[in-house]
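Undergrad: Please find one structure pasted underneath; my questions will follow.
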Amino acid sequence: MITSTDNTGSLAVDANGLNGLRVAAKQNSPDALKAAAKQFEALFLNMMLKSMRDATPQEGPMDNDQSRMFTSMLDQQLTQNMATRGVGLADALVRQLSGTAGRHDLQKASEKELSPVAPEGADHAATRVNKSTQPQPANVKAFQDRLAVHAEQASQATGIPAKFMLGQAALESGWGKREIKAADGSASHNLFGIKATAGWTGKVVQTATTEYVNGVPQTKLEKFRVYDSYADGFHDYARLLSKNPRYGTVLANSHDATSFAQGLQRAGYATDPHYAAKLANIINKSLV
């Protein structure tokens, strides 16, 4: 049972705290309702932080499993600190949900299936903050500005929105920082990771790449196509998607970012089991 005892050290910052919310929501005492509201406030703050982190491109030399774990731990500590001081949400919940109907609403909210990503309203709010009050990171804006004309041309050939293709180029190349290099160190202009299959007669470069086999990442040496320009790279990408039957469903279902990304993954464009989620996230939250 949740009582008025100080519980700031155990505030809910993930889905594991939902059981406590369910129990507290069933209590009839004001103290139990206040404790539940504090837990709900902490959970909401943590989801908001994560949503805002996800809305910011993370590619870079310092982006790795250790840094992401540290960031997650930091966000939890920030959540604890903010929730301990209070930001007003818990008090508002107590005022609005102090009646029987209010407790019932709180219980229903706590019993929803909450994913690690913020709920729709919070996610949209974070996205609005990212796009309306914060400028695009310089590398993102430069990448988009430099390649937009080529993406528009590829869009005319495929019907796929230019923004979707820019998002895929960003994912495959790390916003251009991990672009495949030719043997002499020059740019391959291959931003989509298109491999040099048997029918390719142009220039190639062999480099290490990560492939997932049964969900396990493995490093392999593969041959990739080399183009004379980014215009040629986007043109070949458009040709690949529009001429290869395996991508027919991608073209037919490119009306939104999620359908486009999931269609690419189902068609086998990439072996990363999280490819669709990563791509949709970039398109929806990083590009304008």
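The values are calculated or read from the model by the stated rules, or taken from the named source; none is laboratory data. Since this is a predicted model, take the numbers as computed values, not measurements. Here the Cβ positions follow ideal geometry from the backbone for every residue, glycine too, while neighbour counts run over all protein chains shown.
Undergrad: Is one or more of the residues making up region 200-209 under 23 Å from the mean Cα position of the chain (by Cα) and either farther than 20 Å from Q144 by Cβ or modelled with pLDDT under 95 (or both)? I'd like the intermediate steps shown before the answer.
TA: Quick first cut of region 200-209, residues under 23 Å from the mean Cα position of the chain (by Cα) only: 209.
Then keep just the ones that are either farther than 20 Å from Q144 by Cβ or modelled with pLDDT under 95 (or both); that gives 209.
Yes.
Undergrad: Answer yes or no as to whether A231 is small (G, A, S), at pLDDT below 95 and under 20 Å from E152 (Cα atoms).
TA: Working: small (G, A, S): yes; at pLDDT below 95: no; under 20 Å from E152 (Cα atoms): yes.
In short, no.
Undergrad: Sticking with this one: Please find, within region 255-288, the residue that is farthest from the chain's Cα centre (by Cα) out of those that are without any contact (Cβ under 8 Å) to a residue 12 or more places away in the chain and surrounded by fewer than 16 Cβ atoms within 10 Å (Cβ to Cβ).
TA: Looking at the filtered set, the residue picked out is H255.
Undergrad: Only one of G193, G202 is under 20 Å from T271 (Cβ atoms) and small (G, A, S); which? Show your work before the answer.
TA: Working: G202 fails: under 20 Å from T271 (Cβ atoms).
Result: G193 is the single residue among G193, G202 that is under 20 Å from T271 (Cβ atoms) and small (G, A, S).
Undergrad: I'm checking my understanding of the structure. Among residues of region 224-254 that are over 21 Å from K181 (Cβ atoms) and of a type in the set (V, I, T), which one is nearest to the chain's Cα centre (by Cα)?
TA: Checked region 224-254; the qualifying residue nearest to the chain's Cα centre (by Cα) is V250.
Undergrad: Next up: Which residues, counting only those in region 233-254, are buried (at least 20 other Cβ atoms within 10 Å of the Cβ) and part of a loop (DSSP other than H, G, I, E, B)?
TA: Across region 233-254, the qualifying residue is only S254.
Undergrad: Look at T158 and say whether it is within 23 Å of R239 (Cβ to Cβ), surrounded by fewer than 15 Cβ atoms within 10 Å (Cβ to Cβ), hydroxyl-bearing (S, T, Y) and more than 19 Å from the chain's Cα centre (by Cα).
TA: Details: within 23 Å of R239 (Cβ to Cβ): yes; surrounded by fewer than 15 Cβ atoms within 10 Å (Cβ to Cβ): no; hydroxyl-bearing (S, T, Y): yes; more than 19 Å from the chain's Cα centre (by Cα): yes.
Considered against the rule, which asks whether it is within 23 Å of R239 (Cβ to Cβ), surrounded by fewer than 15 Cβ atoms within 10 Å (Cβ to Cβ), hydroxyl-bearing (S, T, Y) and more than 19 Å from the chain's Cα centre (by Cα), T158 comes out as no.
Undergrad: Is there a residue in region 221-232 that is assigned by TED's automatic domain parsing to the domain that holds F164, surrounded by fewer than 15 Cβ atoms within 10 Å (Cβ to Cβ) and in a helix (DSSP H, G or I)?
TA: No, because not a single residue in region 221-232 is assigned by TED's automatic domain parsing to the domain that holds F164, surrounded by fewer than 15 Cβ atoms within 10 Å (Cβ to Cβ) and in a helix (DSSP H, G or I).
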